[in-house]
Structure formats: C-alpha cells, structure tokens
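Down below is the structure, laid out as structure tokens.
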Amino acid sequence: MADNKNQGGFNQLPEIHNKSLRGPQHLSEHADFITSQPSEIKSIKDGKAAAAEGPKDKLEYDPQYILQVRDLKKHFPIKDGMLGRVSGYVKAVDGVTFNLKRGTTMGLVGESGCGKTTTGRAILRLSGEKTAGDVLFNGKEVYDLTKKELHDARTKMQIIFQDPFSSLSPRMPVGEIIGEAVREHNLVPKAEFNDYIDDIMDKCGLQPFHKDRYPHEFSGGQRQRICIARALALNPEFVVCDEPVSALDVSIQAQIINLLEDRQEQFGLTYLFISHDLSVVEHISDTVGVMYLGNLVEYGETEDIFRNPLHPYTKALFSAIPVPDPTVKMKRIVLEGSIPSPANPPEGCKFHTRCAQCMERCKHEVPVQREIEPGHFVVCHLFDDAAEA
Ligand code: SF4
C-alpha cells in the first residue's frame, strides 16, 4: 500500500514538531475500538468471536479512558407541512462506539456530511438530547448530568471551531473573549484575573498587550490562537478540535498544530481531532477513525491505518493524498456518485452504492466489525472469509 502512504502534504510545512515530543504516547496502548455493532466484535487473529456487552447493559467505567462512547446515535427529525409532522429522520450519527485514552489524540476523518462534526457536538451535548447510546466522560454519563453539573463539566470539555472569525464576538475585546468563561466559572480570584489571561495569551503565542483589541484586528492564524486560548483558559481535560486548521494558510496550520501539540504535552490534554485533511490527521493523531454516513467503518492506530488501509472507502479516501514526488504515479481511486442522504441510507452496507467491490450480500447484509490485526478494525464483508478461515 505504499502508494497510499502519505509522503508529504504536511511534511512540507515548516517546523512541525517531531511526534516524539508529544509525551507519554505508546501507540500500541491506544488500540481501543470502535464499531457500529459493539455486540458483534469478531477477531480474525485469534479466531474467536469476542462478544462485547450489548448496548442495553450499563456501560462500565474504565479509568484509563477519559471518554467512552458506545453506540451513540443522533437523529434529527424531518418536519413537514403546517403542522410540522415528523416524516422521517436524518441519521447523522447512527451508532458510533470508541474509547479514548487520556493524553492521546484520536483523528476522525471522512467526507463532508459523514457525521464527524455531529459526533463531536453530540459527545459534548451541544446538540440537544441524544437519540441513543452512552457517552461517559470521566465515568459520568454526560446526558445524565443536571444543569448545574453540566455547567461545571463545561470547563473540562471544550471545543475549538473551524471558523475562528464567526466563533468570536466582534463586539468584545480579545481579553474579554478569553476571560468571559473564566469569570463565569470563578476559576481564578479577581486579583489574579488579568495576570491569568496574560499568561494564557502568552502561552498561545499572543501578545498580552493586544488584549484590548477586537477580533477583526487579527489575522486568521491569530484568531484561531484566540479560540485556542479561550478553550485552554478553562483548564480543560478534553478538547474537540473541529477542523481547527482548515480555514488557515498552510504555514499558519503548522503553527497551530504545533501549539496544540505543545499544550497537549504541557497540560496532558486529550483531543478528538476532526478533519478532512488526512496529512494533518496523520501527523497529530495516535489513532484514527474513518466515518461514512454516520458510522465508523475502520479504526486503528494511525500508522496501521495509513500503512495498510483495508476498507474500500478508506482506500479511496487515502488515495487522494498528494505525494510530493513528481516521479511517483498516484493511483487515485475515484468514487462514483456522492454520499447518499443520511435521511435515507442504503440497506445492507451503507457504502455499497459506491463500492467497486460490492457483492450481492453487501446490498442486504450489514457487515460487522472485525479485527484484522491487533487494534486494527474494519467493517466490511470482504473480510468475512478471512475470519472464517
Ligand atoms: Fe464494499 Fe461490500 Fe465491503 Fe461494503 S461490505 S465496503 S459494499 S465490499
């Protein structure tokens, strides 16, 4: 799969920090997965079917994980007519399961509209009630928290948005933007407030004497630093980074990625890094989940996924990564058609309408997750025979 291995896009960026700088991360420890069918996990390696707990059992807290997500679903009703009758549901997230270890980064990739952002927002309880599933943050079900408990938990779970301009109030000076929630949560004594904000700005590469300026007076990269400073000022443990660099120039992307990595090392942060930029995800992530139409179709350690992508969708996605070598001929796999509507997903394997390797059974049978190598899982009928062999 050498052709699919990213050899470059992001390597061209200046002064990207070496991954080894990022603290106590041993990839082999991150193999925790993820499936659309958690009760049907099958292992090819040991030839055994390892049944996980069914989704109706109570999800048990495992302290090594800061976040445990099981069979999370978020469906949005489609309302028609004057009476607003519900005529269907958009299944934006349709059964996502994964565990995330402290101090690590999980990349979430997939086409636009596959449910990445909705997954991140549903984990943080930012989109109303969930449809089904469990989200344990430090052992507590996020959707069972009272208003007061959720308010307190907000300091520990933060989000950095894609567009640094629209997520900043144009009428507030930067110092106020960064400090507003700090004040709201009484995180520091009044007498120390200014020094605290100066310190956070400094750590995020912003000049503290700029705190009286307004967002429009900053560049795109600086505005994203302000967003990061606003999130980090609350001393979070877990941050959803929703396409945090996709609106920025390539050179600025490198600075922001380095900043995120430095802060992770310094504060032991855990990131869920949502992006469609595979080069960035390869650089920053310890584990990667590939989403298609509301489900995870492949998951594993970053090196395994990029070295040996298995699912036909992952292969097509990764074949588009540019290789900065004119002598290398790219074998681009072009997918036919566009992603189907999550309001009316295809039966069987949801990818079957675009898959070049589609078989008859794919049109009717939903594939189950299988472990192909330790910690590397895929949801595809192509691997059924290997499991039975
Ligand atoms: Fe393609 Fe079938 Fe695998 Fe789906 S299950 S990805 S249609 S081969």
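Values in this text are rule-based calculations from the coordinates and carry no lab data. Keep in mind that this is a model prediction, so the values were computed, not measured. Cβ: placed from backbone, ideal geometry, glycine included. Neighbour counts: every protein chain shown.
Please report the net charge: other residues with Cβ closer than 13 Å to the Cβ of Tyr214, K and R +1, D and E -1.
Net of charged neighbours comes to +1.
Can you give the FRET efficiency to the nearest 0.05 for His364 and Ser166, using r as the Cβ-Cβ distance and R₀ = 45 Å?
The value I calculate is 0.55.
Which peptide among 126-134, 332-340, 232-240 comes first, and what is the full order, when sorted by highest mean count of other Cβ atoms within 10 Å?
Going by the mean number of other Cβ atoms within 10 Å, highest first, we get 232-240, 126-134, 332-340.
Could you state the per residue volume, in Å³, of the convex hull enclosing the Cα atoms of the stretch 152-289?
So the per-residue hull volume is 104 Å³.
D for the stretch 291-354, whole µm²/s, Stokes-Einstein with Kirkwood Rh over alpha-carbon pairs at 4 °C and 1.567 mPa s: what number?
The estimated diffusion coefficient comes to 97 µm²/s.
Over the Cα atoms of the stretch 234-345, compute the convex hull volume and normalise it per residue, giving Å³.
150
About the Cα centre of the stretch 71-143, what is the dipole size in debye to 20, counting +1 per Lys and Arg Cβ and -1 per Asp and Glu Cβ, all else neutral?
So the dipole magnitude of the stretch 71-143 works out to roughly 180 debye.
Please find the FRET efficiency linking Glu180 to Thr146, where r is the Cβ-Cβ separation and R0 is fixed at 25 Å, and quote it to the nearest 0.05.
Calculated transfer efficiency: 0.65.
Mind jotting down the distance between the C-alpha centroids of the stretch 234-303 and the stretch 57-93, whole Å?
23
Calculate, for His210 and Lys156, the FRET efficiency according to 1/(1 + (r/R0)^6) with r their C-beta to C-beta distance and R0 41 Å; round to the nearest 0.05.
0.90
Please list the radius of gyration and Dmax for the stretch 150-218, considering alpha-carbon atoms only, with Å as the unit.
Taking only Cα atoms of the stretch 150-218, I get Rg and Dmax of 12.4, 34 Å.
With no solvent and one point on each alpha carbon, what is the Debye value of log10 I(q)/I(0) for the stretch 85-226 at q = 0.11, 0.13, 0.18 Å⁻¹?
-0.57, -0.77, -1.21
What is the dipole size for the stretch 169-212, taken about its Cα centre, with +1 at each Lys and Arg Cβ and -1 at each Asp and Glu Cβ, in debye to the nearest 20?
So the dipole magnitude of the stretch 169-212 works out to roughly 120 debye.
Please work out the C-alpha center-to-center distance from the stretch 324-389 to the stretch 128-178 and express it in whole Å.
About 34 Å separates the Cα centre of the stretch 324-389 from the one of the stretch 128-178.
Fewest first, what order do Val96, Val90, Val135 take by the number of other Cβ atoms within 10 Å?
Least to most surrounded, the residues fall as Val90, Val135, Val96.
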